[in-house]
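> So that we are looking at the same thing, I have put the structure below in structure tokens.
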Amino acid sequence: MEDAEPVAMAMGSESSSVGDPVSVRGQQIVSNEDDDLYYIPERRPSLDLGEWTTSPMDTSHRHHVARARSPVLSYTSLASEEGSIEMGDGDGSSTRIQLERSDSFSSSYSFDSDDCEKINLKSKSIDDMVSGPFVTPEFLQSQSESSHPSLTVAFTLKAIFDSLRKLSSGAFKTFKMMLWKHYPQTFNTPPQDMDILNLVDRLLECYGLDGSLQITKIVLGEMGEKKMVDCLETLCLRHEVRHDLCANLKKKYGEVCEDMAVQEEKRPFDDIFTDLYITSTCDNGPNIDHEVMTIEKLDSNRNEKQRLSTKDIFNSERPEYSNTKLLLMTGVAGSGKSMAVRRLVLDWIEGRSHQHVSFLFPLPFRELKQFEDSTASFLEIIQKLYPESKKLRDEDYRCEDCKIMFVFDGLDEYNGTLDFENTMLLSDHTEPTTLNVIVVNLLRGRLLYRGLFLVTSRPQVKPCIPWDTHYDEIEVRGFCDLEREEFFRRRFKDPGQADKVIAYIESFRTLRIMCHLPLFCSLVADEGYRIFREQGPGAELPRSITYLYTKLVLVLTRQHRILRAPDLSLEEERDFLMKLGELAFNMLEGGQFKITRPNWKHTGINDREAVINSGLCTQYITKPHVLFQEIVLSFIHPTVQEYLAALYVFLSFRNQGKNVLEQQLRGKLKMFKGHKGMELYKSAVDRSMHSEDGKLDIFLRFLIGMERKPNLELLQPLCTSSVKWPTVIEEAATLIRKRIRENKYPGRNDNLQHCLEELGVC
């Protein structure tokens, strides 16, 4: 049975007033179970129900029942804690409850009424079925004091209402008669004309939440409805687990750090991050929008793209996902995959999506690493990471009406061998084994057949899911323009500062393009925060973009790689960046932006380090011919390729005294014995101005910008030469201004002006 979920209510007031029934007036119940309309007829004007008596209810003996946890949630305010009253029935259908009733005699009863009717504890022997023992007032009071915090008015209403409406008409009449015989002072006339809502309403008014549930289970048990009692107990159990799980997840995923450098500053996730651009197709290739050049589209995915949101992931209403149990979400480094996971979790907690999912367990691979050198079952891993799940029983993991979603974030962080041919088969989630066996069988689709599995990963160089596993694949593309602007408006509490940062980004087309990556947006926001904090809210943001690209490369190659390749030394990192930069420079010279597998092998670069560990490159599949496909690698954006090319030229000069640009011009390597820094920049400026297609324009900006002090401080660990090079900023600025005045290549003058901005002298 589906665990009880919040019940959606369209209501006006915030709480019930004295004299209102628990279910409140002016509402109506509608159920769409089995696509039929379930309508509870209008209430009679009082609880004087029919042929047994015409006198009003005897209110001379009333029993005081302690108020439920303060403030008592009425059905008019259920949108606060329980969201909306949407009743799920396990088969994906839902029941929307809206309560509408006329005045009834029960309206005179409230939880804090001192003269509520006394309960007759003696069981009558009119019917042999009524044999007791039944609930006593003392028992109700003790239960109320120890009730689980998940027990709310909305849930109790839904649980009892759903249980009773599954009884046949005859069984429901028997249920009402047994209540009347055991509690004649509460139901002082035979309640044969009471519908389900009036009956539940009366129970809640006089016996509270725990008491109403206990009475319902005991009466059903006396009727021999053991399965019904089991289902009601299952509802309560799952609701408790869900409540505790949501509290845990909200604490874990509800807040994020605004500034990577200041971990203490946290804000609610919803106050900072916005929606993402997710497509229904993959292998779309990287974003190739460029400020200067027009680059041929790199992808070959001819399938029609459909924009999705996190709410569409495993959406039971989407036919393409109706039979999908495994979904792979890919995206380049910094595109927002973990952000999408966080959004998915919070939407489920708040009841905004995926309400057909009973439980959601995020299992990031960085947390799963603790199980790499031990033996444990999949169930033990879940219970270790989420102790509240220990209450769940084996049948909760296997039954159809209890959907459980497992989110494995960061498959690219997993270093185990995915051997699908030789790894043992595993389908029992209680069997102890290694983490590798669990991961392999997860990707095989063998583990927990009725579970839903979402796996996020950077694009892999080799297939990470077996060919015979049925799965779907979607791709996270980052921000679109509107989402990018919304991100900064949420990130900065001061609207004026947000406007200033947005205007700053719009003034640089390259920055505006690169801010499709949420990671890059975060770096820009961090820098803005730092400047406003140190220089005041009126401070101007720097006109150099090189510093931001340096931060991006270092974040990807150090902070984001630490869990994927923690043993990489600084020397190995420098060697990798030099090889990758040399490849980037040679490709840039030839106007090339994608690398085929044969070409990649000659670079001597580990493709896993480039694609998975550092995230500077990505991999996708092209289809140059109808029956042929090819695995292709490229940088995550053309400007990242241009930056790495500039970094290679800069470090070659700083560390080895090599002018790579002179070598290209003259066909031989030129070595410098003394400081000849200006010759490097003179060569770069001349090369850029001779390039009519502008392929070296952004490269030149990056190379010039690396001379700035803040950038040099970031690059210092990569510089091995003990020679202290004097600054050449003024000389470089003089050279650039001279080239602008000469105006030999007017098409390059705008870029030369940007170079002055990179030097900070414009």
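The values are calculated or read from the model by the stated rules, or taken from the named source; none is laboratory data. Keep in mind it's a predicted model, so treat the numbers as computed, not measured. Positions of Cβ are generated from backbone atoms using ideal geometry, with glycine treated the same way; all protein chains shown enter the neighbour counts. Calculation scope for accessible area: heavy atoms of the full protein, side chains included, ligands and nucleic acids excluded. Shrake-Rupley method; radii C 1.70, N 1.55, O 1.52, S 1.80 Å.
> What is the number of the single condition among (1) open to solvent by 40 Å² or more (accessible area, probe 1.4 Å); (2) part of a loop (DSSP other than H, G, I, E, B) that residue 464 does not meet?
The single condition residue 464 does not satisfy is (1).
> Restricted to the stretch 170-205, and to residues that are buried (at least 20 other Cβ atoms within 10 Å of the Cβ) and touching a strand residue (DSSP E or B) at 6+ places or on another chain (Cβ under 7 Å), which residue is farthest from residue 149 (Cα to Cα)?
That would be 186.
> Pairs under 6 Å by beta carbon, first residue hydroxyl-bearing (Ser, Thr, Tyr) in the stretch 349-363, partner open to solvent by less than 10 Å² (accessible area, probe 1.4 Å) and not in a loop (DSSP other than H, G, I, E, B), six or more apart or different chains?
These pairs meet every condition: 353/347.
> In the stretch 352-365, is there at least one residue being under 12 Å from the mean Cα position of the chain (by Cα) and assigned to a helix (DSSP H, G or I)?
No, there is no match, as no residue in the stretch 352-365 is under 12 Å from the mean Cα position of the chain (by Cα) and assigned to a helix (DSSP H, G or I).
> Are there any pairs, at least 6 apart or on different chains, whose C-beta atoms fall under 7 Å, with the first in the stretch 323-338 and in contact (Cβ under 8 Å) with a residue 60 or more places away in the chain and under 12 Å from residue 469 (Cα atoms) and the second part of a strand (DSSP E or B) and small (Gly, Ala, Ser), and if so, which?
As it stands, the answer is 328/457, since those pairs meet every condition given.
> Among helices (runs of 4 or more DSSP H) lying entirely in the stretch 475-568, which contain 2 or more residues that are more than 26 Å from the chain's Cα centre (by Cα)? I'd like the intermediate steps shown before the answer.
Working: elements: 481-491, 495-506, 509-514, 518-535, 546-554.
Ranges flagged: 495-506, 509-514, 518-535, 546-554.
> Can you tell me how many residues in the stretch 710-740 are touching an Asp or Glu at 6+ places or on another chain (Cβ under 9 Å), without any contact (Cβ under 8 Å) to a residue 24 or more places away in the chain and basic (Lys, Arg)?
Summing the residues that are touching an Asp or Glu at 6+ places or on another chain (Cβ under 9 Å), without any contact (Cβ under 8 Å) to a residue 24 or more places away in the chain and basic (Lys, Arg) in the stretch 710-740 gives 0.
> Scan the stretch 149-181 for residues that are more than 48 Å from the chain's Cα centre (by Cα) and farther than 18 Å from residue 228 by Cβ and jot them down.
Hits for the stretch 149-181 are 180, 181.
> Residue 266 - would you say it is in a helix (DSSP H, G or I), out of contact with any helix residue (DSSP H, G or I) (no Cβ under 8 Å at 6 or more places or on another chain) and either at negative phi or in contact (Cβ under 8 Å) with a residue 40 or more places away in the chain (or both)?
no
> Something else now. Does any residue of the stretch 628-642 turn out to be open to solvent by 60 Å² or more (accessible area, probe 1.4 Å), over 22 Å from residue 564 (Cβ atoms) and at pLDDT below 85?
Within the stretch 628-642, one or more residues are open to solvent by 60 Å² or more (accessible area, probe 1.4 Å), over 22 Å from residue 564 (Cβ atoms) and at pLDDT below 85.
> Now for a different question. Does residue 233 fit the bill of being within 23 Å of residue 360 (Cα to Cα), open to solvent by 10 Å² or more (accessible area, probe 1.4 Å) and in contact with a His (Cβ under 6 Å, 6 or more places away or on another chain)?
For residue 233, the condition - within 23 Å of residue 360 (Cα to Cα), open to solvent by 10 Å² or more (accessible area, probe 1.4 Å) and in contact with a His (Cβ under 6 Å, 6 or more places away or on another chain) - is not met.
> I've got another one for you. Residue 436 is checked against (1) assigned to a helix (DSSP H, G or I); (2) among the polar types (S, T, N, Q); (3) without any contact (Cβ under 8 Å) to a residue 12 or more places away in the chain and fails just one. What number does that condition carry?
(3)
> Only one residue in 505, 545, 531 is in contact with a Ser or Thr (Cβ under 8 Å, 6 or more places away or on another chain), farther than 28 Å from residue 567 by Cβ and open to solvent by less than 10 Å² (accessible area, probe 1.4 Å), so which one is that?
Answer to the check: 545.
> Quick one: which of 189, 174 is more than 29 Å from residue 243 (Cβ to Cβ), hydroxyl-bearing (Ser, Thr, Tyr) and at pLDDT below 85?
189
> Could you check residue 707 against (1) buried (at least 17 other Cβ atoms within 10 Å of the Cβ); (2) assigned to a helix (DSSP H, G or I) and say which number it fails?
Evaluating residue 707 over (1) buried (at least 17 other Cβ atoms within 10 Å of the Cβ); (2) assigned to a helix (DSSP H, G or I) leaves (2) as the failure.
> Applying the selection to the stretch 577-597, what residues are open to solvent by 20 Å² or more (accessible area, probe 1.4 Å) and closer than 21 Å to residue 646 by Cβ?
578, 579, 582, 583, 586, 589, 590, 591, 592, 593, 594 - these are the residues of the stretch 577-597 that are open to solvent by 20 Å² or more (accessible area, probe 1.4 Å) and closer than 21 Å to residue 646 by Cβ.
> Quick one: in the stretch 724-749, which of the residues that are closer than 13 Å to residue 685 by Cα and within 46 Å of the chain's Cα centre (by Cα) is surrounded by the most Cβ atoms within 10 Å (Cβ to Cβ)?
Filtering first and then ranking leaves 748.
> Could you look through the stretch 328-355, keep only residues that are among the charged types (D, E, K, R) and open to solvent by 10 Å² or more (accessible area, probe 1.4 Å), and pick out the one that is nearest to residue 256 (Cα to Cα)? Working first, answer last.
Restricting attention to the stretch 328-355, the residues satisfying the condition of being among the charged types (D, E, K, R) are 337, 342-343, 347, 350, 352.
Remaining after also requiring open to solvent by 10 Å² or more (accessible area, probe 1.4 Å): 337, 342-343, 350, 352.
Working: 337: 15, 342: 10, 343: 12, 350: 17, 352: 20 Å.
Within the stretch 328-355, the match that is nearest to residue 256 (Cα to Cα) is 342.
> Of the numbered conditions (1) touching a residue at least 60 places away in the same chain (Cβ under 8 Å); (2) open to solvent by less than 30 Å² (accessible area, probe 1.4 Å); (3) not in a loop (DSSP other than H, G, I, E, B), residue 381 fails exactly one; give the number of that condition.
(1)
> Still on this structure, please answer the following. Which condition breaks for residue 423 when tested against (1) touching a residue at least 60 places away in the same chain (Cβ under 8 Å); (2) out of contact with any Lys or Arg (no Cβ under 6 Å at 6 or more places or on another chain); (3) more than 24 Å from residue 305 (Cβ to Cβ)?
(1)
> Going by what's in this entry, would residue 358 be described as among the polar types (S, T, N, Q), under 24 Å from residue 240 (Cβ atoms) and crowded, with 19+ Cβ neighbours inside 10 Å? So that I can check it myself, show each step before the final result.
On the way: among the polar types (S, T, N, Q): yes; under 24 Å from residue 240 (Cβ atoms): yes; crowded, with 19+ Cβ neighbours inside 10 Å: yes.
Yes: the conditions hold for residue 358.
> Just a yes or no: is a residue in the stretch 235-248 in a loop (DSSP other than H, G, I, E, B) and modelled with pLDDT of 85 or more?
Step one: filter the stretch 235-248 for residues in a loop (DSSP other than H, G, I, E, B), giving none.
The answer is no; no qualifying residue exists.
> Residue check: is residue 604 assigned to a loop (DSSP other than H, G, I, E, B) and either open to solvent by 30 Å² or more (accessible area, probe 1.4 Å) or at pLDDT 90 or above (or both)?
Spelling it out, residue 604 is indeed assigned to a loop (DSSP other than H, G, I, E, B) and either open to solvent by 30 Å² or more (accessible area, probe 1.4 Å) or at pLDDT 90 or above (or both).
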